[in-house]
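The values are calculated or read from the model by the stated rules, or taken from the named source; none is laboratory data. All values reported here derive from a predicted model rather than from experimental measurement. All Cβ positions, glycine included, derive from the backbone under ideal geometry; neighbour counts span all protein chains shown.
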Amino acid sequence: MVRRVIKIRLSIIFILTTLNSFAQKDFQGKAYYESKTTVDMTNFGGGQLSEERKKQIADRMKSALEKTFILNFNQSESLYQEEERLDAPGQGRGFRFGMMSSTGGDLYKNVKSQQLLQEQEFFGKQFLVKDSLSKLDWQLGSETKTIGQYTCFKATAVKQVTGFDFNSFRRGPSNEKPKDSTNTQNDENNDNTETPRKVFVTAWYAPQIPVNQGPDVYWGLPGLILELNVDRTTILCSKIILNPSEKEVIKMPSKGKEVSQTEYDKIVNKKTEEMREMFRGRGGRR
């Protein structure tokens, strides 16, 4: 009984100390995340590639799809940046596949003003995506698990995929419905627009760190998100530093042509379709 009372008192002291640190005006934190993405190669290239060729492509993609990010955050702002690393000869930062070239830069979120800013490089052109934060309909659960020293709670949501999508690019002609040439009506079912894909999102957040921030574009939970599972991508926090001795200024990205998220997605999708048509024309060969 005595031990239980002592344990409860220590827990209360820990929670009060934690909350007090977050009440400071100059509070800041830094979280490190490891991101890994797998690609379904089953129908990659429209089924025209050999298993050996698929494996070669998957191996080349691996380094581009395994990254480390740093999230600097305070009570209202955060800046998500890819940690710089030395690439092997012939490899660059971001996604590289043949002529396809897309690199996501610094991502800024302000949960108070509901603002999102991200620098994006696409085919050698610099863009600054400026938009409002996208809200997910989070469903809070009671399931918990421990990540590091933090007890995390589970939350789930469904998200619509926008912009470039590996699954869209790998589809071959066999997956497309033939057009009815006798139908002259402007029927949306007969155009080339693909139905946006939806993915299931699972997040694990830590109420002990009471900021509604998280990695990438994710936010909106009553605690820092320490783990995310989105379709084939897993983002896991490996290290957290609260109130670091050396404070970092959270700067808003400013480079590039300013566009909304919708405008940027249209640019990416248009170029992706051009590349896919080129890929088909080569019979799935580079």
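A few points about this structure:
- Conditions (1) over 18 Å from the mean Cα position of the chain (by Cα); (2) touching a residue at least 12 places away in the same chain (Cβ under 8 Å); (3) not in a strand (DSSP E or B): number failed by residue 245: (2)
- Residue 134 surrounded by 15 or more Cβ atoms within 10 Å (Cβ to Cβ), of a type in the set (Ser, Thr, Tyr), within 23 Å of residue 259 (Cα to Cα) and at pLDDT below 80: no
- A search for C-beta distances below 6 Å between a residue of segment 65-77 that is within 12 Å of residue 216 (Cα to Cα) and any residue that is crowded, with 19+ Cβ neighbours inside 10 Å and of a type outside the set (S, T, N, Q), counting only pairs 6+ apart in sequence or on different chains, returns 69/33; 69/80; 71/31; 71/80; 71/215; 72/79.
- Segment 80-129, residues that are at pLDDT 90 or above, in a loop (DSSP other than H, G, I, E, B) and surrounded by 14 or more Cβ atoms within 10 Å (Cβ to Cβ): 111
- Taking segment 201-225 as the range and being under 13 Å from the mean Cα position of the chain (by Cα) and outside any loop (DSSP other than H, G, I, E, B) as the test, the residues that pass are 201, 202, 203, 225.
- Restricting segment 137-167 to residues that are of a type in the set (A, V, I, L, M, F, W, C) and modelled with pLDDT of 95 or more, the residue that is surrounded by the most Cβ atoms within 10 Å (Cβ to Cβ): 152
- Of all the criteria given as (1) at pLDDT below 90; (2) outside any helix (DSSP H, G or I), the one not satisfied by residue 59 is (2).
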